[in-house]
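Visitor: Here it is: the structure, laid out below.
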Amino acid sequence: MAKADEEKKLSAPEEEIKETEVTEKADDALENYLSRSQEPDNKDKKAPAKRRLSKGAIGLIIAIVAVAALIIIVVAVINQPVKPIDEEELPAKPVEMATTVDEKGEHHVEIATDAEGEIKQNGYGELISYIPAQISKIEVENSAGSFIVNAETPEGEHTVYTITGFEGYDLREDMADSVANDASTLTFTTVAAVNANLKDFGLEQPRATVKVTYTDDTSAIFKVGNEADGGAGTYVTMGGSSDVFLVENEAVDSFLFNVLDLISYEITTKADNVENDAFSVIEVSGSRYPEAITMVPNTDEAVKAQYRLTAPKNMFADDYEGNDIAGSIRDLYAESVVCVNPSDKQLGDFGVKTPYAKVHAVYPDTEIELCCSAPDDNGMVNLYHPEKGIIYTINHSKLGWAGTNMEQLLPKNIIELNKDMISHIDVTSKGKDYSVDVEHTTETVIDESGEKHQVPAIEASLNNKKIPEESTLIFFQNFNAMSNLGMVDKSGTNVVYRWTVSYTNGRDDDTIAFYENGGKSCPVVMNGEIIGSVSKSHVAALQQDIIDIAAGKTPKSM
């Protein structure tokens with residue numbers, strides 16, 4: 001190596017020297033290997049053959065080439081120019097500010113400015129930093145009115161909130177927590193302006209003014225102005241300062257609540273057990289009902305029905321409609337609260353003084369009364385709970401008792417008798433009388449596992465002549481399958497088919513009569529009460545059933 005090169009090498013940085021040495025060694029090794037002489041390995045051959053490289057030599061060459069390539073790549077990367085840092089891509093910095101508490105205990109924030117009154121270093125920061133448990137009172141005034149949230153946190157327990165003037169009302173805990181969270185810690189994203197014209201930010205007449213009193217006897221006052229363009233946030237001030245801060249919209253949205261937003265939306269509570277969920281009576285009334293409807297649970301084992309009406313008619317009720325009524329009284333939640341402790345005028349204004357629909361239900365643990373207005377174009381109603389003194393809004397579709405009627409309460413089938421409770425039937429058909437006796441027995445059946453079970457069975461006879469089991473079952477099934485076509489005003493005078501049923505438990509007999517009235521259907525009267533109507537074709541089929549059984553034939557199943 002030349003002397004000049006030696007001197008240059010000595011003066012180079014250590015990394016560069018190492019790099020040069022490695023490169024030179026790699027180049028020399030490769031050159032020496034390729035230039036070495038090749039010896040013939042077989043003297044008998046006419047011409048010397050080229051010597052094949054061993055696997056180890058090939059591997060060495062590959063390794064050397066790889067090292068050389070790696071060195072070139074490393075050098076290229078090291079020599080790449082460094083990209084300048086874009087200041088706008090750096091994370092935001094905290095603003096230079098100072099927090100103080102004056103002699104009155106009020107918190108203030110002072111932004112550091114230069115000689116020209118410009119902000120020295122803008123950025124993010126905290127106007128106040130507490131936790132909800134350190135709040136004792138929050139006074140809110142906004143366009144919807146004003147309210148005071150009182151907070152008390154017993155040691156080791158959750159914070160309890162009350163609203164002045166509404167101490168007897170349950171609150172929405174999530175909403176009260178939201179107000180307390182916003183009032184305890186308020187972080188801003190940037191300082192919008194110092195010594196600002198508050199009118200430019202909607203703060204001369206703020207949308208909300210909030211005073212928070214903390215448990216350390218200090219306080220803070222916040223004013224909420226306009227929202228910034230593009231959804232960037234909301235402008236606020238603190239104390240009497242004219243410095244304006246930009247906060248996220250969600251940081252102060254609770255300061256715009258109406259006091260009614262904090263009242264619980266729970267209209268009625270859920271029963272704490274099955275027994276308390278079982279009503280003894282439900283009465284539905286109101287301007288939409290010509291007569292009050294009274295519904296009770298059906299305790300009559302002879303008829304398969306869950307509910308029975310005692311007014312305006314004594315009849316069994318449709319299970320589905322009865323469930324809709326009974327299931328829309330307890331465990332109700334509102335869409336909103338619109339009035340608390342309403343005046344007589346407010347009751348009228350909200351349409352619940354003379355309610356469109358009213359329900360009164362009696363349960364083992366409580367009685368519930370609710371009144372609702374007529375539904376609006378969106379299907380919403382005002383719902384008044386007199387005991388609570390609150391008017392809510394709720395969708396009309398959630399109140400089955402406010403949309404029912406007698407037609408909907410009619411059972412889908414005229415009646416469904418429990419054949420296991422029947423002991424005797426006197427049948428009158430086309431002026432002829434038949435006597436059907438029913439005897440209840442048990443029979444043994446074997447299940448899939450081979451076990452034997454005793455199940456109820458019936459044996460019937462017509463005029464003392466035994467009826468085949470299949471005919472007996474079809475006889476009962478066809479009677480219970482009569483579809484109710486609807487209520488009629490008059491029954492007529494000519495009875496075309498009639499059952500008088502006696503029961504095994506000794507209860508009073510039921511008489512179910514079908515009349516011809518000249519129309520397309522036959523009115524049905526049970527114990528003197530019209531309970532609906534059925535098609536003439538179905539009545540004709542029932543008439544044929546008893547004729548077929550008397551003749552020893554199997555009736556047709558409907």
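Visitor: Can you pull out every residue in the stretch 391-429 that is among the aliphatic types (A, V, I, L, M), part of a helix (DSSP H, G or I) and over 30 Å from PRO290 (Cβ atoms)?
Guide: So in the stretch 391-429, the residues among the aliphatic types (A, V, I, L, M) come out as 391, 394, 399, 402, 406, 409-410, 414-415, 417, 421-422, 425, 427.
Then keep just the ones that are part of a helix (DSSP H, G or I); that gives 402, 406, 409, 421.
Across the stretch 391-429, the qualifying residue is only MET421.
Visitor: State all residues of the stretch 430-439 that are touching a residue at least 24 places away in the same chain (Cβ under 8 Å), surrounded by fewer than 19 Cβ atoms within 10 Å (Cβ to Cβ) and either in the same structural domain as TYR356 (by TED's automatic domain parsing) or assigned to a strand (DSSP E or B) (or both); if no residue qualifies, say none.
Guide: Residues satisfying the conditions are TYR434, SER435, ASP437.
Visitor: Please state which of the following conditions VAL247 fails to meet, knowing it meets all the rest: (1) over 26 Å from PRO312 (Cβ atoms); (2) surrounded by fewer than 19 Cβ atoms within 10 Å (Cβ to Cβ).
Guide: (2)
Visitor: In the stretch 355-378, which residues are more than 17 Å from SER397 (Cβ to Cβ) and outside any loop (DSSP other than H, G, I, E, B)? Show your work before the answer.
Guide: Taking the stretch 355-378 and keeping what is more than 17 Å from SER397 (Cβ to Cβ), we get 355, 358, 360-369, 371.
Selection gives LYS358, HIS360, ALA361, VAL362, GLU367, ILE368, GLU369, CYS371.
Visitor: Right, something else. Any idea how many residues of the stretch 444-497 are assigned to a helix (DSSP H, G or I) and of a type in the set (Ser, Thr, Tyr)? Show your work before the answer.
Guide: Of the stretch 444-497, the ones assigned to a helix (DSSP H, G or I) are 469-480.
With of a type in the set (Ser, Thr, Tyr) added as a condition, the list becomes 471-472.
Residues flagged as assigned to a helix (DSSP H, G or I) and of a type in the set (Ser, Thr, Tyr) within the stretch 444-497 amount to 2.
Visitor: If you don't mind, there's one more thing I want to ask. Taking interchain pairs and intrachain pairs at least six residues apart, which have beta carbon atoms under 6 angstrom, with the first residue in the stretch 525-547 and part of a strand (DSSP E or B) and the second basic (Lys, Arg)?
Guide: That search, which allows pairs on different chains as well, returns GLU529/LYS313.
Visitor: Now a separate question. Report yes if GLY519 is touching an Asp or Glu at 6+ places or on another chain (Cβ under 9 Å), in the same structural domain as ASN463 (by TED's automatic domain parsing), farther than 22 Å from ASP437 by Cβ and part of a loop (DSSP other than H, G, I, E, B), otherwise no.
Guide: Numbers: touching an Asp or Glu at 6+ places or on another chain (Cβ under 9 Å): no; in the same structural domain as ASN463 (by TED's automatic domain parsing): yes; farther than 22 Å from ASP437 by Cβ: yes; part of a loop (DSSP other than H, G, I, E, B): yes.
No; evaluated as a whole, the condition is false for this residue.
Visitor: Still on this model: When only residues in the stretch 440-462 that are touching a helix residue (DSSP H, G or I) at 6+ places or on another chain (Cβ under 6 Å) and without any contact (Cβ under 8 Å) to a residue 60 or more places away in the chain count, which is nearest to ILE422 (Cα to Cα)?
Guide: The initial filter retains those residues of the stretch 440-462 that are touching a helix residue (DSSP H, G or I) at 6+ places or on another chain (Cβ under 6 Å), namely 456, 460, 462.
Restricting the remaining residues to those that are without any contact (Cβ under 8 Å) to a residue 60 or more places away in the chain gives 456, 460.
Details: PRO456: 13, ALA460: 10 Å.
This residue is ALA460.
Visitor: So which residues in the stretch 263-291 are in contact with an Asp or Glu (Cβ under 6 Å, 6 or more places away or on another chain) and surrounded by 13 or more Cβ atoms within 10 Å (Cβ to Cβ)?
Guide: SER264, ALA271, ASN276 - these are the residues of the stretch 263-291 that are in contact with an Asp or Glu (Cβ under 6 Å, 6 or more places away or on another chain) and surrounded by 13 or more Cβ atoms within 10 Å (Cβ to Cβ).
Visitor: Anything in the stretch 114-132 that is surrounded by fewer than 16 Cβ atoms within 10 Å (Cβ to Cβ) and either on the phi < 0 side of the Ramachandran plot or not assigned by TED's automatic domain parsing to the domain that holds PHE245 (or both)? List them, or say none.
Guide: We begin by selecting, within the stretch 114-132, every residue surrounded by fewer than 16 Cβ atoms within 10 Å (Cβ to Cβ); these are 114-118, 120-121, 126, 129, 131.
Listed by number, the residues that qualify are ASP114, ALA115, GLU116, GLU118, LYS120, GLN121, GLU126, SER129, ILE131.
Visitor: With the requirement that a residue be in a loop (DSSP other than H, G, I, E, B), in contact (Cβ under 8 Å) with a residue 40 or more places away in the chain and under 25 Å from PRO132 (Cα atoms), what does the stretch 197-239 give you?
Guide: ARG207, THR215, ASP216, ASP217, THR218, GLY233, GLY239
Visitor: Here's a check for you: in the stretch 379-388, which residue that is assigned to a strand (DSSP E or B) and touching a residue at least 60 places away in the same chain (Cβ under 8 Å) is farthest from SER287 (Cα to Cα)? First the steps, then the outcome.
Guide: Keep residues of the stretch 379-388 that are assigned to a strand (DSSP E or B), which gives 380-385.
Next cut, touching a residue at least 60 places away in the same chain (Cβ under 8 Å) only: 383, 385.
Details: LEU383: 15, HIS385: 18 Å.
Among those that are assigned to a strand (DSSP E or B) and touching a residue at least 60 places away in the same chain (Cβ under 8 Å), it is HIS385.
Here is a yes/no grid of residues against (1) modelled with pLDDT of 95 or more; (2) surrounded by 17 or more Cβ atoms within 10 Å (Cβ to Cβ); (3) in contact with an Asp or Glu (Cβ under 8 Å, 6 or more places away or on another chain); (4) more than 28 Å from HIS440 (Cβ to Cβ):
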site: VAL455; (1), (2), (3), (4): no, no, yes, no
site: ASN478; (1), (2), (3), (4): yes, yes, yes, no
site: THR493; (1), (2), (3), (4): no, no, no, yes
site: GLY506; (1), (2), (3), (4): no, no, no, no
site: GLU529; (1), (2), (3), (4): no, no, no, yes
site: GLN544; (1), (2), (3), (4): yes, no, no, no
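The values are calculated or read from the model by the stated rules, or taken from the named source; none is laboratory data. For clarity, every value in this text was computed on a predicted model and none was experimentally measured. So basically every Cβ, Gly included, is an ideal-geometry build from the backbone, and we count neighbours across all protein chains shown.
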